[in-house]
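Nothing in this text is a laboratory measurement; each read-out follows from the coordinates by a stated rule. Small disclaimer: the values here were computed from a predicted structure and weren't measured. Virtual Cβ from ideal backbone geometry, glycine too; neighbours counted across all protein chains shown.
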Amino acid sequence: MSIRVGESASAPSFQKAALPLLEDAQLRRNIRHATDVIQRKRGLVVAETTDWQELRSAASAIKAHTLRYLDHYLVQFEKACTAAGGQVHWAADADDANRIITGLVQQYGGDEVIKIKTMTSEEIGLNEALERAGIRAHETDLAEVIIQLGGDTSSHIVVPALHKNRSQVREIFRERMNLPDLSDKPEDLTAAARHYLREKFLKVKVGVCGANFLVADTGGVCIVESEGNGRMCLTLPDVLISVAGIEKVIPTFQDLEVFLQLLPRSATGERMNPYNSLWTGVHAGDGPQHFHVVLLDNGRTRVLADPEARQTLHCIRCGACLNTCPVYRQTGGHAYGSSYSGPIGAIVTPQLLDMRYGQSLPYASSLCGACYEVCPVKINIPEVLIHLRGRVVREQKSALDPEALAMKAAAAIFTSRTRFEAAQRLGRIGQWPLVSHGWMRNLPGMLGNWTRVRDLRALPRQTFREWWKRRAKSGSSGPKRKNGDA
Amino acid sequence: MPDTREAVLERIRSALGDTARSEPAEDYAAIPREYIRAGRLDPEARLQLFLERLRDYDTHVVETSVASLPQTIAAVLHGHGQKKVIAADGLAQEILPRDFDFIEERAASVDDLNACDGIVTVCMVAIAFTGTIVLTHGPGEGARRLTLLPDRHLCVVRAEQVVETVPEGMERLAQFAAHPMTFISGPSATADIEMTRIRGVHGPRFLDVVLVR
């Protein structure tokens with residue numbers, strides 16, 4: 001099995017990757033501005049939806065139910081989609097999916113594909129795999145065009161280029177589209193992309209897309225988008241290939257009434273995004289006459305196997321948790337070293353990779369809970385983060401790791417009264433070289449990480465326990481306060 | 001590959017190992033759905049909400065009556081200076097202005113779509129709460145590419161097609177679930193550059209809704 005999530009296996013730890021990003025004032029300004037705008041818009045359209053909490057509860061219950069019967073619904077989807085003229089493929093991992101898609105493109109004689117933004121294809125590294133087979137993949141979502149032409153990577157699951165401002169976009173388009181006189185007005189930049197892509201839409205014979213929802217009872221596929229590039233890729237080519245995680249299936253067409261209300265408001269702060277497309281297999285005389293769906297596992301069944309983290313698979317990729325996260329808002333998405341960033345990325349990436357990579361990600365959070373509050377499908381991200389931190393310690397750290405040893409020692413001390421009191425007495429004696437005026441300001445070795453950013457109170461001359469004992473004997477009414485006592 | 005299919009399904013079943021499972025249908029029926037299904041507005045307020053939400057997302061709206069629909073369509077098309085206009089196949093002839101020379105959809109190539117000034121269609125359902133029109137691409141609604149490549153889309157909506165809530169809309173659409181479907185909420189747009197909403201990236205830059213009441 002070769003499960004991959006973008007380049008996350010070779011990415012540096014979050015803490016390391018974040019440092020240079022925090023130094024980049026322009027990047028931080030761009031991210032702050034974009035996330036502020038989306039959050040404000042989201043707030044307005046969520047507030048006018050008086051049954052928002054009821055919609056969240058229903059969505060969460062639908063997703064939990066679907067996962068409980070995932071095998072049933074996937075088979076049902078496969079049957080319905082096939083009956084409508086589609087062809088369903090199953091992929092165990094990234095390489096499997098890339099092999100299937102590359103094979104299909106070659107089978108239909110294509111050497112180019114046009115793509116709708118799909119995070120799943122970034123997860124499996126589809127563009128690179130196609131490139132190796134001599135097939136050019138053209139991204140068509142405006143943000144993905146900016147990323148692709150700029151040789152960059154996505155920093156947000158909904159607005160991948162939010163770390164670039166207009167003048168940075170202009171520089172990329174000027175050079176790569178050969179438009180020396182292009183202005184930096186968003187209208188002009190958008191028009192340049194429209195012109196640049198129109199010819200590709202009309203010419204390229206194979207389209208590749210993801211899926212927002214796979215509808216089990218009808219075999220339909222739903223794509224939610226804004227620009228119309230999606231509709232172009234879904235209707236103009238002869239062949240359409242959709243790659244979708246197995247968790248994207250929902251039981252019925254009717255369930256869309258819940259998700260189509262939650263997703264746009266959460267993702268872009270719109271009541272409804274400009275275009276939702278739904279199609280079922282192939283439709284005679286309208287759109288591609290060859291349709292393939294690739295159902296992707298790539299580690300998802302592992303997430304399913306952990307009951308405490310299973311809710312991770314509820315995610316509908318709206319990005320609301322990124323926009324609200326105080327950590328993401330400082331660093332942007334690149335620090336997460338994965339196609340999935342922000343709080344949801346911090347729980348998705350390491351789990352898909354069986355906790356072998358991305359172990360720093362569950363720590364990239366202050367556990368403030370803002371992500372849980374905005375999540376339209378009620379994923380309790382802080383709870384999963386803590387659970388995964390536990391797994392990192394249990395499964396990954398060697399028993400001789402200094403932190404693990406320290407924690408073990410601490411556990412031994414804190415679980416016994418005599419050991420705890422002895423440790424306090426020892427500490428009081430041992431701390432004197434480090435204390436000045438009742439504070440410790442420079443601890444040695446690894447403990448120095450603590451005092452680098454804060455001071456630590458010295459252990460008091462008399463502990464609460466000691467005071468309590470003496471009080472019982474002498475009947476005194478309070479502790480004596482001396483300099484250095486806390 | 002059939003063995004990958006079996007392997008994935010087997011991994012799912014073993015991952016769910018201890019999870020209590022019954023009949024999917026029974027479990028599905030127990031999902032709480034306490035959200036608003038039926039709208040609460042009277043018909044006039046519902047239409048007003050629809051118009052307001054359309055305008056809010058840059059849709060140009062005109063109201064008319066059945067009797068004056070053809071003149072209204074002609075006035076909108078002339079108002080924008082549109083000459084080469086394609087009418088969706090299956091559109092009822094009596095709604096179209098007689099003195100306007102429409103191109104038939106079936107006669108139009110992709111290049112014609114790309115080069116025309118606009119198109120005229122009807123829709124199947126409209127949702128007031130979100131300002132959405134839904135096409136099921138049946139007679140009069142056009143094939144999917146018809147409402148995509150041209151720069152202007154004029155859509156005729158009858159008052160009785162307008163529902164208030166998304167669940168009401170989905171209920172009406174259920175019988176067309178096998179059709180391709182397009183939900184349109186305003187003209188195509190993007191906010192990918194600095195979250196500034198720009199109208200018209202790849203789909204029509206202008207959407208005209210003619211509401212018949």
Practice task
In whole angstrom, note down how far apart the Cα centers of segment B:191-210 and segment A:67-101 are.
Solution key: 34 Å
Exercise for the section: Could you grab the relative contact order for segment A:8-302? Cα pairs under 8 Å, six or more apart, rounded to a whole percent. Expected result: 27 percent
Practice task
Compute the acute angle (0 to 90°) between the alpha-carbon long axis of helix A:70-83 and the principal axis of greatest extent of the alpha-carbon atoms of chain A; round to the nearest 10°.
Solution key: 10 degrees
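Would you mind calculating the relative contact order of segment A:159-213 from Cα pairs under 8 angstrom and at least 6 residues apart, reporting the percent as a whole number? Walk me through the intermediate numbers first.
On the way: 21 pairs, mean separation 13.1, N = 55.
RCO, segment A:159-213: 24 percent.
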Practice task
Please work out the Kirkwood hydrodynamic radius for segment B:116-213, using every pair of different C-alpha atoms, and report it in angstroms with one decimal place.
Solution key: 13.9 Å
Fill in the blank from the handout: So A:L44 and A:T82, fully extended at 0.36 nm per residue minus their Cα-Cα distance, gain in nm 9.5 nm
Problem - Listed residues A:L256, A:Y108, A:G438: farthest to the positive end of the dipole of chain A (Cβ charges) - result: A:G438
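For chain A, what is the charge dipole size about the Cα centre, in debye to the nearest 20, if Lys and Arg each add +1 at the Cβ and Asp and Glu each add -1 at the Cβ? Show your work: numbers first, answer last.
Numbers: 61 positive and 51 negative charges, 729 e Å.
For chain A, the charge dipole is close to 3500 debye.
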Handout entry: Dipole-positive endmost among B:V201, B:M124, B:S68 within segment B:39-212 (Cβ charges, Cα centre)
Key = B:V201
Fill in the blank from the handout: Rounded to the nearest Å, the spacing of the alpha-carbon centers of segment A:187-215 and segment A:1-58 is 24 Å
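Distance check, please: which entries in A:K408/A:K473; A:K164/A:K248; A:K117/A:K185; A:K185/B:K83 exceed 32 angstrom between their Cα atoms? Let's see the in-between values first.
Working: A:K408/A:K473 35 Å; A:K164/A:K248 30 Å; A:K117/A:K185 23 Å; A:K185/B:K83 30 Å.
Over 32 Å apart, Cα to Cα: A:K408/A:K473.
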Problem - Projected label distance in nm at A:R132 and B:E44, using a 7 Å step from Cα toward the beta-carbon - result: 6.8 nm
Handout entry: Dipole of the protein assembly as shown, positive end: most advanced residue of A:V159, A:L214, B:V156 [Cβ charges, Cα centre]
Key = A:V159
Problem - chain B, relative contact order in percent, only Cα pairs under 8 angstrom and at least six apart counted - result: 25 percent
Fill in the blank from the handout: Between A:A25 and B:Q175, the FRET efficiency computed from the C-beta separation at R0 = 45 Å comes out, to the nearest 0.05, as 0.20
Practice task
Compute the acute angle (0 to 90°) between the alpha-carbon long axis of helix A:25-47 and the principal axis of greatest extent of the alpha-carbon atoms of chain A; round to the nearest 10°.
Solution key: 80 degrees
Exercise for the section: For each cysteine in the protein assembly as shown, check whether another cysteine's C-beta sits under 4.7 Å from its C-beta; list those where none does. Expected result: A:C81, A:C209, A:C222, A:C233, A:C315, A:C318, A:C325, A:C368, A:C375, B:C116, B:C123, B:C155
Exercise for the section: Can you tell me what the convex hull of the Cα atoms of segment A:119-270 projects to on average, as an area in nm²? Expected result: 9.8 nm²
Practice task
May I ask for the angle, rounded to the nearest 10°, between helix A:381-391 and the longest principal axis of chain A, with both axes built from Cα atoms and the value confined to 0 to 90°?
Solution key: 70 degrees
Problem - Debye equation applied to the C-alpha atoms of segment B:39-212, log10 I(q)/I(0) at 0.11 Å⁻¹ - result: -0.44
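Take the Cα radius of gyration of segment A:80-137 and divide it by 2.2 N^0.38 Å, with N its residue count; two decimals is plenty.
1.16
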Handout entry: FRET efficiency, 1/(1 + (r/R0)^6) with R0 51 Å, evaluated for A:H387 and B:D111 via beta carbons
Key = 0.35
Fill in the blank from the handout: Ranked on Cβ counts within 10 Å of their own Cβ, fewest leading, A:F14, A:F420 go A:F420, A:F14
Handout entry: segment A:393-436 versus segment A:292-370: alpha-carbon centroid distance in Å
Key = 33 Å
Completion exercise
Here the FRET efficiency for A:Q462 versus A:W439, based on Cβ atoms and R0 = 30 Å and rounded to 0.05, is 0.95
Practice task
Give the Rg (one decimal place) followed by the Dmax (whole number) of chain A, computed from C-alpha coordinates and expressed in Å.
Solution key: 26.9, 97
Exercise for the section: Quantify how strongly other chains surround peptide B:25-34 by giving the mean number of their Cβ atoms within 10 Å of each of its Cβ atoms. Expected result: 6
